[in-house]
Ligand code: SF4
């Protein structure tokens, strides 16, 4: 079978990209109009169940049957400033600013995620991730449209291969919420699209022909915006490729619309393991009974959940916040995996922190909490250079004989550096010096049993 070179594939991908965007406007979510801002609910019909303060505050007596239905949540996303100002108090200035920003960077917030916002706190960390800020356009000259050069690494439309053994399938650009710090903000302007069946087949064909690929990441946008049935048809094709060992799904649904993680989805995923899911909690306020239950359902379906936090100015940029987030993740049985430096994306500069902030956060955690709670702090390099882990400098000096190491309390220790000689060379050197014969003599001595001899007791050598 003829194999295309990477250059050929990239050319083909770029030629097809334009066609792809034009041909893939096929949104999966049922095309029903949003409820008339929740006003049609008749409280006599069905009493609300376990309501939370935010849910009642913003949306009144929404019945559980609607609130817990992910498609209802999706249909009723807040996507305009008019709608937002109906549920949240916004000054005329704020409304004008949001209107201006959304011309370039649209707005979408699920009712569930909105319910987590404290309306009395203008600096609420959930609000800052969801509600547009004028800074998105005021500082938009800084950064890149596509800092990770994902377009250049596309081998066929929608499939990114940066490393020999991994590939990323971008199935859609639709997300339940538009996070203000998103790396793929450039995609928002294209409206909602989902890859066609023909495009999926081209991607699968590429994966099938490239036997070095063992790990496929299914991402977007958010791939869980696809119906479970459609998603299954894609996962089944990928799983059928013998050399694909693991499938990873990147999704923020557990955080912004946990109702999506329903029994139907979990049952489907459980058939195609090993599947891992990487999600994106950024603040302890996002860990709620609903999101914890969603992660639990995934785990029970055999899908381990990792978390990738983005470090965001004024949202989570302190040792206390990240430590609390990671502790709560562990309590939710989610592994804190990465802490990302916010990418150099146009429209996000106001949310980016100095790199030193991330290093200081890791330094403030190491030694003060269990290692399992500490994520890898990582910078994703521009132009597709890949991820670079950064950490505080604990190595003060290093020679072949010795290291000077600083511990978490700042104390300096000497550490003998084992020789790089091979084991055989060491034995020979020791034999010559007479050390080995004396060790053999020692080993030949009979065991001395101390205390009462008992068949159930382990006899230890004195
Ligand atoms: S869920 Fe991910 S891809 Fe979607 S807007 Fe948020 S950060 Fe971007």
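The values are calculated or read from the model by the stated rules, or taken from the named source; none is laboratory data. Keep in mind the model is a prediction, meaning the values are calculated, not measured. Every residue, glycine among them, receives a Cβ derived from its backbone with ideal geometry; neighbour counts consider all protein chains shown.
Okay, residues lined up against (1) within 18 Å of residue 250 (Cα to Cα); (2) crowded, with 20+ Cβ neighbours inside 10 Å:
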position: 156; (1), (2): no, yes
position: 161; (1), (2): yes, yes
position: 168; (1), (2): yes, yes
position: 176; (1), (2): yes, yes
position: 181; (1), (2): yes, yes
position: 195; (1), (2): yes, yes
position: 198; (1), (2): no, no
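Of everything in segment 341-388 that's on the phi > 0 side of the Ramachandran plot and not in a loop (DSSP other than H, G, I, E, B), which residue is surrounded by the most Cβ atoms within 10 Å (Cβ to Cβ)?
384
Which of (1) in contact (Cβ under 8 Å) with a residue 40 or more places away in the chain; (2) crowded, with 18+ Cβ neighbours inside 10 Å; (3) more than 21 Å from residue 253 (Cα to Cα) does residue 281 not meet, given it meets every other one?
(3)
Quick check: is even one residue across segment 309-331 under 21 Å from residue 289 (Cα atoms), free of Cβ contacts under 8 Å to residues at least 40 places away in the same chain and assigned to a strand (DSSP E or B)?
Among the residues of segment 309-331, not one is under 21 Å from residue 289 (Cα atoms), free of Cβ contacts under 8 Å to residues at least 40 places away in the same chain and assigned to a strand (DSSP E or B), which makes the answer no.
Residue 335 - would you say it is farther than 24 Å from residue 255 by Cα, surrounded by fewer than 19 Cβ atoms within 10 Å (Cβ to Cβ) and modelled with pLDDT of 95 or more?
no
What number of residues within segment 69-86 satisfy the criterion of being within 18 Å of residue 121 (Cα to Cα) and surrounded by fewer than 20 Cβ atoms within 10 Å (Cβ to Cβ)?
Residues that pass the stated criteria total 2.
Tell me yes or no: at least one residue of segment 123-144 is part of a loop (DSSP other than H, G, I, E, B) and farther than 26 Å from residue 350 by Cβ.
No: segment 123-144 contains no residue that is part of a loop (DSSP other than H, G, I, E, B) and farther than 26 Å from residue 350 by Cβ.
If we keep just the residues of segment 56-109 that are in a helix (DSSP H, G or I) and in contact with a strand residue (DSSP E or B) (Cβ under 9 Å, 6 or more places away or on another chain), which is nearest to residue 222 (Cα to Cα)?
Here the residue is 84.
Restricting attention to segment 390-406, which residues are over 30 Å from the mean Cα position of the chain (by Cα) and either in a loop (DSSP other than H, G, I, E, B) or at positive phi (or both)?
If the condition is that a residue be over 30 Å from the mean Cα position of the chain (by Cα) and either in a loop (DSSP other than H, G, I, E, B) or at positive phi (or both), then 399, 400, 401 are the ones that fit.
Every residue in segment 149-177 that is in contact with a helix residue (DSSP H, G or I) (Cβ under 8 Å, 6 or more places away or on another chain) and within 16 Å of the ligand (Cβ to nearest atom), please.
150, 151, 158, 169, 171, 172, 173, 174, 175, 176, 177
Is there any pair linking a residue in segment 245-259 that is within 15 Å of residue 216 (Cβ to Cβ) and in the same structural domain as residue 228 (by TED's automatic domain parsing) to one that is assigned to a helix (DSSP H, G or I) and within 13 Å of the ligand (Cβ to nearest atom), with Cβ under 8 Å and at least six apart or on different chains, and which?
249/223; 249/224; 250/223; 251/223; 251/224
Residue by residue through segment 346-363, note down the ones that are touching a strand residue (DSSP E or B) at 6+ places or on another chain (Cβ under 9 Å) and at pLDDT 95 or above.
Those that are touching a strand residue (DSSP E or B) at 6+ places or on another chain (Cβ under 9 Å) and at pLDDT 95 or above: 351, 352, 353, 355, 357, 358, 359, 361, 362.
Confirm whether residue 240 is under 21 Å from residue 68 (Cβ atoms) and assigned by TED's automatic domain parsing to the domain that holds residue 333.
Considered against the rule, which asks whether it is under 21 Å from residue 68 (Cβ atoms) and assigned by TED's automatic domain parsing to the domain that holds residue 333, residue 240 comes out as no.
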